[in-house]
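First the structure, in the form of structure tokens, and then the observations on it.
The values are calculated or read from the model by the stated rules, or taken from the named source; none is laboratory data. Here the structure is a predicted model, which means the values were calculated and not measured. For neighbour counting, all protein chains shown are included, and Cβ atoms are generated from backbone atoms with ideal geometry for every residue, glycine included.
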Amino acid sequence: MTPGQVSVQLAPVLHRPSAYQRLVTAHGALRVNLTLGLLLAVIALGLIAPLLPLPNPIKPDPFNSLKPPSAEHWFGTDPNGFDVFSRTIHAIRTDFALSISSVLLGVLIGVPLGAISGYLGGVIDNLINRVSEVIQGFPQLLFGMAVLAVAGNTLVNVVLITAFYNVPVYAKMVRSVVLPLRDVEFVQAARLSGNSPLSVVFRHIIPNALLPVVSQFPLSCAYAVQMIAGLSFIGLGVQIPIPEWGAMIQQGANYVVFSKWWPSVFPGLALVLSVSLLSSLSDQLKVLVTRRA
């Protein structure tokens, strides 16, 4: 170094691992990749179902009723002659579309309510909490049965009922995150800058309270899939001929005792696989919330 030159040392750049890298570190690459790969494959299969060379899932064929699995009908046929494989694949669209839309609706309503409740406190907080507790006090399936029996078992009503039970879940979750955020520096700075309470909530509070929502979302979808299938199983959800796993299981249940197991078993396996994958993904995502906390 010549006289007059100044030595400058650069501070090392800290590398922040991505969410995927943190998941792999916590759970292992095999488990994470298997869960994500299978779940994405199931969703992709449902999305491209209409493009696949499958038999019409809503066209009955009484002359091929209850045919066992074969090269022509991989999962056999049901009592109406529907191809079980085709209906099982198309049912992915039905169950996932209904469950995701209902949970999203619950998130869109529950997150702002929880943020407002936790930030404002007082009477509004007590009111939202009491209403949430009342909603969660009703047995979910029995309430759904009662409402659908009165209002009609349409797809819109199924989505609204499922969303209704997701609202308090996300309201309470976000409220618990917002309570300690009220006194942090950036929230106080936003408040002192003249922002209205709603502006503080939507611009500063909610964006910092979404990580637990992301980890809970797949689990809520798993519960929604089960509820939709349960309502359809008892005849108050999705109706035949629309492909749906719960309705398919119910339609073939009476024939299991006659060794005609395939109309119920295959959609049942698809239901179990989907719920397991969603639950596993939610369990893995919780590590992101734990690390951040």
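Val213 versus (1) more than 21 Å from Phe75 (Cα to Cα); (2) assigned to a helix (DSSP H, G or I); (3) without any contact (Cβ under 8 Å) to a residue 24 or more places away in the chain: which is the lone unmet condition?
(3)
Which of the residues that make up segment 182-218 are over 29 Å from the mean Cα position of the chain (by Cα) and either surrounded by 20 or more Cβ atoms within 10 Å (Cβ to Cβ) or of a type in the set (Asp, Glu) (or both)?
Passing the criteria: Asp183, Glu185.
Report, by residue number, each residue of segment 49-70 that is exposed (fewer than 11 other Cβ atoms within 10 Å of the Cβ) and over 12 Å from Ser86 (Cα atoms).
Pro62, Phe63, Ser70
Using beta carbons and a limit of 6 Å, which pairs, at least six apart or on different chains, have the first residue in segment 264-290 and in contact (Cβ under 8 Å) with a residue 12 or more places away in the chain and the second one not in a helix (DSSP H, G or I)?
These pairs meet every condition: Phe266/Phe75.
Only one of (1) out of contact with any Pro (no Cβ under 9 Å at 6 or more places or on another chain); (2) over 23 Å from Pro243 (Cα atoms) fails for Gln136. Which number is that?
Tallying (1) out of contact with any Pro (no Cβ under 9 Å at 6 or more places or on another chain); (2) over 23 Å from Pro243 (Cα atoms), Gln136 fails exactly one: (1).
Let me confirm something: among Val103, Val32, Val111, which residue is touching a Cys at 6+ places or on another chain (Cβ under 8 Å), among the aliphatic types (A, V, I, L, M) and either modelled with pLDDT under 90 or buried (at least 17 other Cβ atoms within 10 Å of the Cβ) (or both)?
Val103
Could you please tell me which pairs satisfy a Cβ distance under 7 Å, a separation of 6+ or placement on different chains, a first residue in segment 46-75 that is under 12 Å from Ile89 (Cα atoms), and a second residue that is part of a loop (DSSP other than H, G, I, E, B) and among the charged types (D, E, K, R)?
Listed pairs, sorted by first residue: none to list.
What's the number of the condition Gly81 fails, among (1) surrounded by 15 or more Cβ atoms within 10 Å (Cβ to Cβ); (2) closer than 21 Å to Ala224 by Cα?
It fails just one condition, (2).
Does segment 247-265 contain any residue that is more than 23 Å from Pro69 (Cβ to Cβ) and of a type outside the set (D, E, K, R)?
Restricting attention to segment 247-265, the residues satisfying the condition of being more than 23 Å from Pro69 (Cβ to Cβ) are none.
No, segment 247-265 contains no residue that is more than 23 Å from Pro69 (Cβ to Cβ) and of a type outside the set (D, E, K, R).
Can you tell me which residue is surrounded by the most Cβ atoms within 10 Å (Cβ to Cβ) among those in segment 219-237 that are within 16 Å of Ala253 (Cα to Cα) and hydrophobic (A, V, I, L, M, F, W, C)?
Ala229
Restrict the check to segment 88-103 and report whether at least one residue is under 30 Å from His204 (Cβ atoms), within 18 Å of the chain's Cα centre (by Cα) and free of Cβ contacts under 8 Å to residues at least 24 places away in the same chain.
no
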